[in-house]
Amino acid sequence: MYKSALFPNVLVDSYGRQIDYIRLSITDRCDFRCVYCMTEEMTFLAREDVLSLEEYSRLVKVFVELGVRKVRITGGEPLMRKNALQLFEAIGRLPGLNELVITTNGSQLEQQAYALKQAGVKRVNISLDSLNATRFRKITRVGDLDKVLRGIAVAKQVGFEGIKLNSLLMRGINDDEALDLAAFAISQDLDISFIEEMPLGAVLHSRHASYVSNEQTLTLLRARYDLIASTATSGGPARYWQVPNKKTKIGFISPHSHNFCESCNRIRISCQGELHLCLGQENSINLRAMLRGHPHDDAPLKQAIIDSIQVKPKGHDFDLNRATPAVIRFMSHTGG
């Protein structure tokens, strides 16, 4: 049976990796329709198929009792979830949780950044794939760049401990903006991570044709900046380089060109309560059934989580040459 919360190393998989970080999606809905993430006409989940805010709160509490120390709230766009702030407030007060963070497209930050900071959110990751308003609209299909930039400005004013931009480059679409995006991050004293496109869900463009290796991006940036390899970590898969004499770190999340699975410390929970042990694998465990089947007893839920960690795969299997993606679900379903 599971150990008590007094023993922090409860969630250790069969490869000796300690799981202390969960990424929790609280909605599959989003006010953007980014071309690498969704189709233009999405069918979203029915309300009864998505966990309630109380169920999310209970689930996070259980994971923290099992040794999880970092929780990232994702979506879809998490700030599209009605009354989401109540969840942030509940989670932010949990004893034992060291870090509550959020990944957002930035569209709602202008209005909600202050409340998120008050609720206990420490760091904010903001997706930003272009600094050109027309191109930004093309990538997001509906997004307003000025609104996102205002959200970034308010997040800075509020004083989060860390703000990081996430940029996904696609060949022939926005790969010529790597230097501009890095320069913007440096000018704003922000960190930035470049993310290789992942083959999740069926999209209209060819991922093989649009793929940009982070090795290429790093080579381009090093021609401009004397980047210094850094041992800094945000608890996730990014590998960082420090910009000399600046606050900015430039990170690279490279699921294709580099394997980052050997130190994987995280799992993902979809908005339906599916525990995904690996982003690049389809196997999952239905925690919603455990939550609803045992509404007043956490012991079966804890044991199911501990047992599932033992079958966490060693790594993912991304291959851009496949005719169809290895993972059919969209990123918006699993969580960004």
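The values are calculated or read from the model by the stated rules, or taken from the named source; none is laboratory data. Worth saying up front: this structure is predicted, and the values here are computed from it rather than measured. Glycine also receives a Cβ, built like all others from the backbone with ideal geometry; neighbour counts cover every protein chain displayed.
Worth a mention:
- Meets criteria (touching a residue at least 60 places away in the same chain (Cβ under 8 Å), surrounded by 23 or more Cβ atoms within 10 Å (Cβ to Cβ), under 24 Å from Asn105 (Cβ atoms) and polar (S, T, N, Q)) for Thr74: yes
- Only one of the numbered conditions (1) over 14 Å from the mean Cα position of the chain (by Cα); (2) touching a residue at least 40 places away in the same chain (Cβ under 8 Å); (3) not in a loop (DSSP other than H, G, I, E, B) is not met by Gln86, and that is (2).
- Restricting attention to the stretch 208-257, the residues being outside any loop (DSSP other than H, G, I, E, B) and more than 17 Å from Asn125 (Cα to Cα) number 18.
- Residue count for the stretch 89-113, restricted to those that are under 24 Å from Asp20 (Cα atoms) and more than 16 Å from the chain's Cα centre (by Cα): 10
- Across the stretch 143-153, the number of residues qualifying as surrounded by fewer than 16 Cβ atoms within 10 Å (Cβ to Cβ) and hydrophobic (A, V, I, L, M, F, W, C) comes to 1.
- Selection of first residues in the stretch 119-142 that are on the phi > 0 side of the Ramachandran plot and surrounded by fewer than 16 Cβ atoms within 10 Å (Cβ to Cβ) and of second residues that are modelled with pLDDT of 95 or more and not basic (Lys, Arg), restricted to Cβ pairs under 9 Å at least 6 apart or on distinct chains, gives the following pairs, ordered by first then second residue: Arg141/Phe32.
- The criterion of being within 30 Å of Lys312 (Cβ to Cβ), under 18 Å from the mean Cα position of the chain (by Cα), at pLDDT below 95 and among the acidic types (Asp, Glu) does not hold for Glu262.
- Selection status of Val68, crowded, with 17+ Cβ neighbours inside 10 Å, within 22 Å of Asp298 (Cβ to Cβ) and out of contact with any Cys (no Cβ under 6 Å at 6 or more places or on another chain): yes
- Among residues of the stretch 46-83, those that are over 17 Å from the mean Cα position of the chain (by Cα) and part of a loop (DSSP other than H, G, I, E, B), counted: 8
- Among helices (runs of 4 or more DSSP H) entirely within the stretch 100-201, having at least 3 residues that are within 23 Å of Ala223 (Cα to Cα) singles out 178-187.
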